[in-house]
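J.: Just passing along the structure, written as structure tokens.
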Amino acid sequence: MILQALYELAKRDELLADPHLERKEIPWLLEITADGNFVGYLPTHEVTGKSKKAKGKSFSVPRDEQRTSQDYPFLFYDNAEYLFGIAEPPKEERAQKRHSLFKERVRKVAQATNDTGALAVERFYANNSAFEEARRKLPPDYDGELIAFKLNTDECLICQRPAILEWWKKQLASQHSQPPADAGFECLVTGTKINSPSNFPKVKGVPGAQPSGATLVSFNFNAAESYYLERNENCPISEEAAVACTRALERLVSDDPKNPANPERRLPRLNLRISADTKLCYWSAKPSVFEGLLGNLLSVNEEGLPQATEQDLGQFLRSIWLGRKPSIQLDAQDFYLMVLSGAQGRIILRDWIETALDALIENIRQHFEDLQLHGLEDRKLTYLSLGNLLNALAHPSEQSGEGIPNPLATALIRAAITGSSYPLAVLVRAAERYRRGLDDDQHRWLNDTRAALIKATLNRKNRGNSGGTWKEVKPMFDPNNHQPGYVLGALLAVLERLQQLAQGDINATLVDRYFSGASATPRTVFVRLLKNARHHASKARQEGNRGLALRLEKLIDELASAFTAPGRAYPANNNFPPYLDLEQQGLFVLGYHQMRKWLWLPEEERRKWEQQHSDAPAIYFWARSQSPVSGELENHDLLTSNS
């Protein structure tokens, strides 16, 4: 199915305008006269797209055989080793052999076509003075790139002259003549009969692969063969289909794809870089506005998007968020996504997803809803892109997703696209990086994204739990969520705020010292923290913060009461759990994170929160008109009994 989808993409974007040609980057042109005299070198370097480095211009040249380790000259263009026999020791003998092959091919084409350009190159090699002058004047900044012959009276390359192209097409046609009805193979892509399977051309531009290209389909060792079939007989593909799939892949991985029918125009980009050697490619069966929206949606960052794109994207997301039909026309059709990496001469297909467009839209809506968390808007991260998520999971020194294993990044993408559960490795990494980010002021803002990932992972994993024990975590602090990890995390946030009220800004807070222990083995940590809280409360009242100190003490009583065994005196009444499992540790992070945000809510936001949580215990109502604190703190049993 993958090859068929690529073949259809090649037809959709008209990538097969001329299957006899291919595009190659040729930085240097060697100009000669019709008599074979040397004129000079012409550089074609230009800066295109976002790249600041000048590259050689791309030319349409005859599509030739693949050149791997064998000696094979291209048609009227090649590197200096083939053109002049130039090579560093000890490769002089090989260079002379390749140079002879290049001259022999020039001679054969000149005799077969009698073309003025081909004859000029033949005369150039017969003219020793012209040859030596060209060899001597090779540009000093030449670095092994391709050089193409060009007549000084032509606008095109010699390999692009009509007579040579016509001869080349006939050569290809003779190699792939019409197969008989009883041909031994059937193309897996088109279903046509073929005499022998074609080699899959190399695809250039795959991250992590060799600059010369890599293949998606290849059989070059015995373990890959079966049923007595040899090499590409195991996956028979016609020449036309192989070329089409290659061009489709090159179009997908290119950050600045050109339109074959009009090289001056650009096709829309259909990929997103996940890491240095991995890309997500995506496309629809038919051209769709959503192709462009998806790329912007997944790659949006803190710098934002162009205004027009931002408006289209915002309108689209608001529609799917509210369950309305988007105003943008979206046909019911298939949508494809593939994650590719390069490994030297091979392409690694890390994932392949085929889905319906309407299902994809719903899954993306759910993905962003699961990630919704109060506080993200402070960083203008209304929509957390894949880049934001991967950066949050990586070490700060390995941003841009470089520190994330490719399988984990791929699994995260699959969960977002298909609606499946996020990998538990996301929970582990996010919780670990959250703990380490607490004492990293420079990157502490990343903890908002990490908390969002923890929330999404836990909610999606437990959604639909028939046991009914799971309480879904909301975007803001939920006083009715009584899961142990969540309550303990909230309790730690209140204890931290009380310490800050009493001691001000200090180098190491109780969170810096005890967060890891409190989230793993709370029983051994919280008894000590509650003892210290009494002293912090007393000092805070002396510092003139009586009202807030009383509120915080009330909150501590409310939260800690969930872990007090009734009818028992201290210390037998200590019912804190001895340890927390992975899920509860994730909830601990969320309880701490959301309570910390709640404690610092502006008055207007606090009033809105109180209106939305009218069923919360009275201690959570801090708006002045509803404050439960009047005068002295009436009961603070836990703080007293644990002292």
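Here is a yes/no grid of residues against (1) assigned to a loop (DSSP other than H, G, I, E, B); (2) under 22 Å from L294 (Cβ atoms); (3) not assigned by the TED database to the domain that holds H613; (4) not small (G, A, S):
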residue: A431; (1), (2), (3), (4): no, no, yes, no
residue: A456; (1), (2), (3), (4): no, yes, yes, no
residue: N459; (1), (2), (3), (4): no, no, yes, yes
residue: H482; (1), (2), (3), (4): yes, no, no, yes
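Matching residues to (1) under 29 Å from K471 (Cα atoms); (2) modelled with pLDDT of 90 or more; (3) in the same structural domain as A430 (by the TED database):
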| site | (1), (2), (3) |
| --- | --- |
| S519 | yes, yes, no |
| R523 | yes, yes, no |
| L529 | yes, yes, no |
| S538 | no, no, no |
| R546 | no, no, no |
| R551 | yes, yes, no |
| N573 | yes, no, no |
| L587 | yes, yes, no |
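J.: Considering every residue within region 437-445, establish whether at least one is under 35 Å from the mean Cα position of the chain (by Cα) and either surrounded by 24 or more Cβ atoms within 10 Å (Cβ to Cβ) or assigned to a helix (DSSP H, G or I) (or both).
T.: Checked against the condition, which is being under 35 Å from the mean Cα position of the chain (by Cα) and either surrounded by 24 or more Cβ atoms within 10 Å (Cβ to Cβ) or assigned to a helix (DSSP H, G or I) (or both), region 437-445 yields at least one hit.
J.: For residues that are modelled with pLDDT of 50 or more, within 17 Å of L550 (Cβ to Cβ) and surrounded by 13 or more Cβ atoms within 10 Å (Cβ to Cβ), tally how many sit in region 607-643.
T.: Qualifying residue count, region 607-643: 6.
J.: I've got another one for you. Among the listed residues A359, A411, which satisfies the condition of being aliphatic (A, V, I, L, M) and either modelled with pLDDT under 90 or more than 27 Å from G464 (Cα to Cα) (or both)?
T.: Going through A359, A411 in turn, the sole match is A359.
J.: Return the residue satisfying two criteria in turn: it lies in region 509-531 and is of a type in the set (S, T, Y) and farther than 23 Å from R444 by Cβ, and of such residues it is farthest from the chain's Cα centre (by Cα).
T.: T524
J.: For region 1-12, which residues satisfy the criterion of being crowded, with 21+ Cβ neighbours inside 10 Å and within 15 Å of L270 (Cα to Cα)?
T.: The answer is L6, L9, A10.
J.: A follow-up question, please. Report yes if some residue within region 59-71 is surrounded by fewer than 20 Cβ atoms within 10 Å (Cβ to Cβ), assigned to a strand (DSSP E or B) and either at pLDDT 90 or above or under 35 Å from the mean Cα position of the chain (by Cα) (or both); otherwise report no.
T.: yes
J.: Please tell me if D78 is within 21 Å of A148 (Cβ to Cβ), surrounded by 13 or more Cβ atoms within 10 Å (Cβ to Cβ) and free of Cβ contacts under 8 Å to residues at least 40 places away in the same chain. Give the derivation first.
T.: Values: within 21 Å of A148 (Cβ to Cβ): yes; surrounded by 13 or more Cβ atoms within 10 Å (Cβ to Cβ): yes; free of Cβ contacts under 8 Å to residues at least 40 places away in the same chain: no.
So D78 fails the test.
The values are calculated or read from the model by the stated rules, or taken from the named source; none is laboratory data. Quantities reported herein were computed from a predicted structural model and do not represent experimental measurements. Cβ: placed from backbone, ideal geometry, glycine included. Neighbour counts: every protein chain shown.
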